[in-house]
Amino acid sequence: MKAIFLIPTLTLVHGLAAADTASVHGWNNSAELGAISTSGNTVGTSVTGKLDARQELPDWSNEYVLAGYFKDEQVTQADGEKVRERSAQRYSFSAKAAYKLLQDHDKLFALATHVNDKFGAYTRYSTVGVGYGTETYKTPDHSLDVEIGPGYFNGTRSTGEMESGMTVRGAANLKWKLSDSALFTQNLSVERGTSNIHSLAETALRTKINSTMQMKAAFSVRNDTNVPDDKKNTDTQTSVTLVYSF
């Protein structure tokens, strides 16, 4: 018999006001946690979590994101013994400080990221960069923000090789309000280096159940063009979670 337990995503919002009615300046923080546990013919546990802190100041817009994911599975060894093994383990942190220019939505930003992925093509991947961001499209139901700028990366491949060099980073964030109860988002970032192109994308749909509950379906993709022979270029993750906000 298989049992699946879903830990609802918890969104904790504090600061000057709640997320939907936040003032121009202040903090807007969120915490998410989701888990799936299976038993029976397939035994395993996976957990994903995320902390997102955003701060709006008169001249600055800052964001700090901490995310983690791990997965344990039960495997049968050659002698028939069943053991639990870690099959996925990834942690990431990013910090971005953006200085607001005189024109609405135009910003100059500095960004630092670090990823530790025990089973990935790159077990460690750190970048720093600067750039320019703006809102290129805005309607009552749609918005599109884009960023571009140079950077520098330092990474360790799963083979132990070290890589470093200059990069060019581009990013886009699309929001589409489908209705009063549904929001579609698409986030994409691409870093092009001398020997690798590193891409991240997430597609998500949120639908309101009531004033405090939402359902979120998300699909994320991570891709590296240059990976060791024993690794795949693309990692994907699909999730369906409940979101509780207050």
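Scan region 48-61 for residues that are part of a strand (DSSP E or B) and surrounded by fewer than 16 Cβ atoms within 10 Å (Cβ to Cβ) and jot them down. The one that is part of a strand (DSSP E or B) and surrounded by fewer than 16 Cβ atoms within 10 Å (Cβ to Cβ): Trp60.
The rows are residues; the columns are (1) touching a Leu at 6+ places or on another chain (Cβ under 8 Å); (2) under 30 Å from Leu242 (Cβ atoms).
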position	(1), (2)
Glu147	no, no
Gly155	no, no
Ala182	yes, yes
His198	no, no
Leu205	yes, yes
Lys208	no, yes
Met213	yes, yes
Ala217	yes, yes
Asn226	no, no
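Whether any residue in region 147-156 is in a strand (DSSP E or B), modelled with pLDDT under 95, under 20 Å from Tyr69 (Cβ atoms) and not acidic (Asp, Glu) is what I want to check. For region 147-156, residues in a strand (DSSP E or B), modelled with pLDDT under 95, under 20 Å from Tyr69 (Cβ atoms) and not acidic (Asp, Glu): present. Taking Val168 as the residue in question, decide whether it is surrounded by fewer than 16 Cβ atoms within 10 Å (Cβ to Cβ), modelled with pLDDT of 95 or more and not basic (Lys, Arg). The answer is yes for Val168. Here Thr225 meets the list (1) surrounded by 15 or more Cβ atoms within 10 Å (Cβ to Cβ); (2) in contact with a strand residue (DSSP E or B) (Cβ under 7 Å, 6 or more places away or on another chain); (3) of a type outside the set (A, V, I, L, M) almost entirely, failing just condition (1).
Per-residue answers, yes or no, for (1) in contact with a helix residue (DSSP H, G or I) (Cβ under 8 Å, 6 or more places away or on another chain); (2) β-branched (Val, Ile, Thr); (3) in a strand (DSSP E or B); (4) at pLDDT below 85:
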{"residue": "Val24", "(1), (2), (3), (4)": "no, yes, no, yes"}
{"residue": "Asn29", "(1), (2), (3), (4)": "no, no, yes, yes"}
{"residue": "Glu32", "(1), (2), (3), (4)": "no, no, yes, yes"}
{"residue": "Ala35", "(1), (2), (3), (4)": "no, no, yes, yes"}
{"residue": "Thr45", "(1), (2), (3), (4)": "no, yes, yes, no"}
{"residue": "Glu63", "(1), (2), (3), (4)": "no, no, yes, no"}
{"residue": "Lys71", "(1), (2), (3), (4)": "no, no, yes, no"}
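Condition check for Asp20 on (1) at pLDDT 85 or above; (2) surrounded by fewer than 16 Cβ atoms within 10 Å (Cβ to Cβ); (3) of a type outside the set (Val, Ile, Thr); (4) over 19 Å from the mean Cα position of the chain (by Cα): one failure, at (1).
Going by what's in this entry, would Val115 be described as within 30 Å of Ser37 (Cβ to Cβ), β-branched (Val, Ile, Thr) and in contact with a strand residue (DSSP E or B) (Cβ under 7 Å, 6 or more places away or on another chain)? When the stated conditions are applied, Val115 passes them.
Applying a threshold of 6 Å to beta carbon distances and a minimum spacing of six or more residues, or different chains, the list of pairs starting in region 95-122 at a residue that is touching a residue at least 60 places away in the same chain (Cβ under 8 Å) and ending at one that is part of a strand (DSSP E or B) reads Ala121/Asp224; Tyr122/Gly155; Tyr122/Arg157. Scanning region 204-246 for residues that are closer than 23 Å to Phe70 by Cα, hydroxyl-bearing (Ser, Thr, Tyr) and at pLDDT 85 or above yields Ser220, Thr234, Thr236. Within region 167-206, track down each residue that is farther than 20 Å from Asn116 by Cα and touching a Pro at 6+ places or on another chain (Cβ under 8 Å). Within region 167-206, Val168, Lys177 meet the criteria.
Right, Thr136: under 30 Å from His25 (Cα atoms) and of a type in the set (S, T, N, Q) or not? Steps first, answer last, please.
Values: under 30 Å from His25 (Cα atoms): yes; of a type in the set (S, T, N, Q): yes.
Taking the combined requirement at face value, the residue satisfies it.
Looking only at residues of region 171-213 that are touching a Lys or Arg at 6+ places or on another chain (Cβ under 9 Å) and charged (D, E, K, R), we find that the one that is surrounded by the most Cβ atoms within 10 Å (Cβ to Cβ) is Glu191.
The values are calculated or read from the model by the stated rules, or taken from the named source; none is laboratory data. Given the structure is predicted, the values throughout are model-derived calculations rather than measurements. Neighbour counts are summed over all protein chains in view; Cβ atoms, including those assigned to glycine, are modelled from backbone coordinates with ideal geometry.
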